[in-house]
1. Fewest Cβ neighbours within 10 Å first, please rank Arg177, Arg131 accordingly.
2. Which whole-Hz couplings ³J(HN,Hα) result when phi for each residue of segment 113-125 is put into the Karplus expression 6.51 cos²θ - 1.76 cosθ + 1.60, θ = phi - 60°, listed in order with x for Gly and Pro?
3. How large are Rg and Dmax for segment 68-201 when only the alpha carbon atoms are used, in Å?
4. Given +1 on the Cβ of Lys and Arg, -1 on the Cβ of Asp and Glu, and no further charges, what dipole in debye does segment 2-222 carry about its Cα centre, rounded to the nearest 20?
5. Per DSSP H run of at least 4 residues, take -39500 (n - 2.57); add these up for the chain, divide by its residues and hand me the 222 nm value, nearest 500 deg cm²/dmol.
6. Among Ile125, Ile220, Ile97, rank each residue by its count of other Cβ atoms within 10 Å, from fewest to most, as a rough exposure measure.
7. With θ set to phi - 60° and the Karplus curve 6.51 cos²θ - 1.76 cosθ + 1.60, what are the ³J(HN,Hα) couplings of segment 62-77 in order, to the nearest whole Hz, using x for Gly and Pro?
8. Counting only DSSP beta bridges with both residues in the chain, tell me the antiparallel percent, nearest 5.
Amino acid sequence: MEREHQTMTKSFEDLSNEDVYSQHANLTIHIANQLLLPQRRTFVVDDRNKQIMRFLLYYFNDCPLAEEVFPDKHYKLHKNLLICGDVGTGKTLLMQIFSEYLKYTDNPNHFHNLSVTQMVNYYTIHNNLDRYTYNEESSVGFQIKPVNICLNDIGIESKVHFGMDTKVLTNEFLHARNEVWVHYRKHGHLTTNLSVAQLKEEFADSFGRLVDRFKTYNVIAMTGESRR
C-alpha cells in the first residue's frame, strides 16, 4: 500500500504529544492568517471548526488519534476526505491551509488543490484529465505517477462550461481517482456545497458504482453561517 510505504519511509512527528500537536496547530493558524492577509481578515478557530482542525492534523500526520476525534462517525485514516457545507463555511480555505501546511512540513500526504473550472480548462486544452488522474505524462516506463489532489466545489459547476459538460468530466475524475486510490493509495479529496444524498443523486451512474464509491470517504460536515 502506497500510504503504508510512505509511512515507513517518512517519520511523522508524534502528534499524540500535546506539545508537538500545539506546535503544528499554531503553524496551521499562522498559514491561515497569511492566506487571509490580502483580505485583511484573521482566521477564527471556534466550536464550528476546532475539532475538524484537530482531526485533520491527526489525519494528515497518520496519527491514530484521528479516528477518536469523532468516534460516532467511524472516520478512518486510509479513506479520502469529502468536506460538505454551505457556501462560505470555509471548506476550500481549510484545504488551502492544509495544502500549504503539508508542503511546508514536507509531508508525503501533501495534496494539490484543483477547481472544477481549472480541470475543465485543462481538458479543453489536452482532451484528457491525465495530470489530475493517472499522471502518465510524468511516468518513467510503465510506472505512472499519480499525486494527491483535492477537487473543490464539485456539483456546483454541473453545466456546460467552455463547451464541456462538467458533470461528465467530474464523473470521469471520480472514477479514475477511485482506481488510483485502490491501486496506488493516492488520495482524491473533495469539497462540495451538496449533501451526500444530493451527490449520490447528482453523480449516480447506471451501474451504481460511483454511488458506492462515496463509501471510501470520510464525510465531514462544516456547519454554520458564512464566514465571508
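Every number here is computed from the coordinates shown, using simple stated rules; none is lab data. This is a predicted model, so every value here is computed, not measured. Neighbour counts are summed over all protein chains in view; Cβ atoms, including those assigned to glycine, are modelled from backbone coordinates with ideal geometry.
1. Arg131, Arg177
2. Values per residue, Gly and Pro as x: 7, 9, 8, 4, 4, 5, 4, 5, 4, 4, 5, 4, 7 Hz.
3. Looking at segment 68-201, its Cα Rg and Dmax stand at 15.1, 45 Å.
4. Once rounded to the nearest 20, the dipole reads 240 debye.
5. -13000 deg cm²/dmol
6. Ordered from fewest to most neighbouring Cβ atoms within 10 Å, Ile125, Ile220, Ile97 come out as Ile125, Ile220, Ile97.
7. My calculation for segment 62-77 gives 6, 8, x, 4, 4, 6, 9, 5, 10, x, 6, 8, 6, 5, 10, 4 Hz in order.
8. Once the DSSP bridges in the chain are tallied, antiparallel ones form about 15 percent.
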